[in-house]
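Asker: Got a structure for you, questions after.
The values are calculated or read from the model by the stated rules, or taken from the named source; none is laboratory data. This is a predicted model, so every value here is computed, not measured. Using ideal geometry, Cβ is built from the backbone for each residue, glycine included, and neighbour counts are taken over all protein chains shown.
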Number of protein chains: 2
Amino acid sequence: MNARVLVAEDDPKQANLIRLYLEREGHSVLVVGDGRRALEYSRTRRPDLLVLDVMMPGVDGLDVCRILRAESQVPILLLTARSTEDDKLLGLDLGADDYITKPFSPRELAARVRALLRRAGKGGPATGAPVVVGDLEIDSAKFEVRVDGRPVTLTAKEFGILEALAAEPGRVFTRAQIIEKAFGFDQYVLERTVDAHVMNLRRKIEKDPVEPRYVQTVYGRGYRLAQS
Amino acid sequence: MNARVLVAEDDPKQANLIRLYLEREGHSVLVVGDGRRALEYSRTRRPDLLVLDVMMPGVDGLDVCRILRAESQVPILLLTARSTEDDKLLGLDLGADDYITKPFSPRELAARVRALLRRAGKGGPATGAPVVVGDLEIDSAKFEVRVDGRPVTLTAKEFGILEALAAEPGRVFTRAQIIEKAFGFDQYVLERTVDAHVMNLRRKIEKDPVEPRYVQTVYGRGYRLAQS
DNA sequence: GGTATCGATGAAGGTCTCGTCAAGAAGCCG
DNA sequence: CGGCTTCTTGACGAGACCTTCATCGATACC
């Protein structure tokens with residue numbers, strides 16, 4: 001599924017638990033310990049979903065929720081220690097999409113995250129129409145790529161990279177950007193890794209990998225997908 | 001979807017919350033504060049769905065449910081503060097279509113409303129003609145699957161998975177999506193459970209389970225039903 | 001032209017995913 | 001209740017895939 005989830009939780013023990021269970025579900029998880037950083041990261045990294053602890057020192061989860069809701073549509077899941085009706089009403093009024101009371105089962109957390117992502121339309125393969133660039137056709141829903149109508153089988157990462165570049169044909173993406181878009185923002189891999197995948201990708205979709213028609217190298221910058 | 005929903009709830013705070021979330025889903029909402037008015041409005045305005053609080057002064061939700069059920073097919077969702085099984089049985093006995101206990105999450109409310117509307121809109125559980133993929137025939141209405149015309153007996157989950165994949169042959173579904181589509185939105189099971197069912201399913205419908213013709217694995221993404 | 005940086009390539013090792021099996025839990029029916 | 005089916009989960013191994021490393025060639029800049 002590979003969604004990018006930002007978790008704001010001040011108790012490191014809890015935070016690690018949450019990270020563990022979300023990662024086991026295949027999500028990329030970034031953990032911050034306070035509300036200020038939650039705001040900062042959600043603005044700069046643009047995660048697909050936020051998990052906010054209500055009780056945090058300084059800027060708490062409710063504050064973050066209220067502030068972010070005014071500027072973004074990102075799905076928000078609130079964690080609350082108490083289970084009083086008032087708390088729930090308050091949190092939901094502030095624009096949270098769902099809440100879960102501690103202690104919660106890992107499965108429940110995972111299921112609620114899944115449900116929110118699905119509702120937001122980020123819960124897996126995209127549903128939109130295939131992207132067409134010249135003789136290259138990228139169908140995210142079917143996880144299928146065709147060159148001149150001939151289907152080509154790609155691996156998950158290869159497909160992810162192609163998808164990332166196809167988001168804006170012609171635009172140059174740095175390796176760091178590609179890693180973030182295609183792999184998830186908490187993946188700490190060497191930038192060279194992208195090169196390896198690009199090479200494999202070219203072998204599959206380019207007629208002449210030495211003179212690539214689709215995935216082009218921009219020296220010193222990164223890669224781009226040729227415009228049609 | 002954009003349905004017209006009548007909400008009967010005597011607590012204004014709760015009522016506003018429900019209104020908020022149903023409107024966010026794109027429905028138009030009319031709120032009344034007691035059972036008498038719920039009856040009146042549902043007769044005159046003919047809403048597409050009713051959300052009734054069980055506990056209301058005067059004519060309560062159960063009364064409204066019983067009375068309306070005698071004169072209309074409108075889908076009814078009951079809200080109750082307690083979660084005893086007795087209440088549930090009582091409510092459903094009286095003709096309610098679904099039941100949700102407070103406090104509930106907006107996502108759950110939205111999901112149940114969606115489900116009820118879908119059921120009502122498509123005029124029954126079974127929809128349309130059987131799906132045919134190659135020599136595979138899936139008849140949702142009859143809960144029946146045939147391979148080469150020969151009927152095969154599947155379990156509920158196996159059938160559910162096959163049905164979910166058949167919704168869009170060729171499209172890749174993640175395990176999370178399959179769980180939601182086939183098992184229900186509030187099932188907290190491990191994703192690997194899907195694998196087990198898929199294996200059993202393949203044993204029944206594939207001639208060579210090692211080289212599946214129908215239910216195909218897409219490494220790193222999920223499963224798909226082959227296109228015919 | 002010389003040098004430093006960058007990218008392409010192939011191979012090796014490690015990691016992850018999936019299929020398979022089996023045991024226990026849960027549900028169903030008489 | 002007892003027996004049966006079905007569902008869920010854990011473990012394990014094979015294979016696919018990912019990442020890294022080392023090397024060579026290409027490119028930019030002086």
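Asker: Condition test on residue A:60, is it in contact with a strand residue (DSSP E or B) (Cβ under 6 Å, 6 or more places away or on another chain), modelled with pLDDT under 85 and of a type in the set (Asp, Glu)?
Answerer: On the way: in contact with a strand residue (DSSP E or B) (Cβ under 6 Å, 6 or more places away or on another chain): no; modelled with pLDDT under 85: yes; of a type in the set (Asp, Glu): yes.
Here the answer is no, as residue A:60 does not meet what is asked.
Asker: Of all strands (runs of 3 or more DSSP E) completely enclosed by segment B:144-228, which ones contain at least 1 residues that are surrounded by 13 or more Cβ atoms within 10 Å (Cβ to Cβ) and among the polar types (S, T, N, Q)? Show your work before the answer.
Answerer: Working: elements: B:144-147, B:150-152, B:215-218, B:222-225.
It comes to B:215-218.
Asker: Now, a different point. Please go through segment A:188-198 and give me each residue that is near DNA strand D (Cβ under 9 Å from one of its atoms) and away from every other protein chain (no Cβ under 14 Å), ordered by number. Talk me through it step by step, then tell me what you get.
Answerer: Filtering segment A:188-198 for residues near DNA strand D (Cβ under 9 Å from one of its atoms) gives A:188-197.
A:188, A:189, A:190, A:191, A:192, A:193, A:194, A:195, A:196 - these are the residues of segment A:188-198 that are near DNA strand D (Cβ under 9 Å from one of its atoms) and away from every other protein chain (no Cβ under 14 Å).
Asker: Of the residues that make up segment B:150-165, is at least one within 12 Å of DNA strand D (Cβ to nearest atom), out of contact with any helix residue (DSSP H, G or I) (no Cβ under 8 Å at 6 or more places or on another chain) and within 19 Å of residue B:207 (Cα to Cα)?
Answerer: Yes, segment B:150-165 contains at least one residue that is within 12 Å of DNA strand D (Cβ to nearest atom), out of contact with any helix residue (DSSP H, G or I) (no Cβ under 8 Å at 6 or more places or on another chain) and within 19 Å of residue B:207 (Cα to Cα).
Asker: Now a separate question. Based on this model, can you work out whether residue A:170 counts as closer than 24 Å to residue A:45 by Cα and within 10 Å of DNA strand D (Cβ to nearest atom)?
Answerer: Values: closer than 24 Å to residue A:45 by Cα: yes; within 10 Å of DNA strand D (Cβ to nearest atom): no.
For residue A:170, the condition - closer than 24 Å to residue A:45 by Cα and within 10 Å of DNA strand D (Cβ to nearest atom) - is not met.
Asker: Name, by its number, the condition in (1) modelled with pLDDT under 85; (2) out of contact with any Pro (no Cβ under 6 Å at 6 or more places or on another chain); (3) not in a loop (DSSP other than H, G, I, E, B) that does not hold for residue A:73.
Answerer: Every condition holds for residue A:73 apart from (3).
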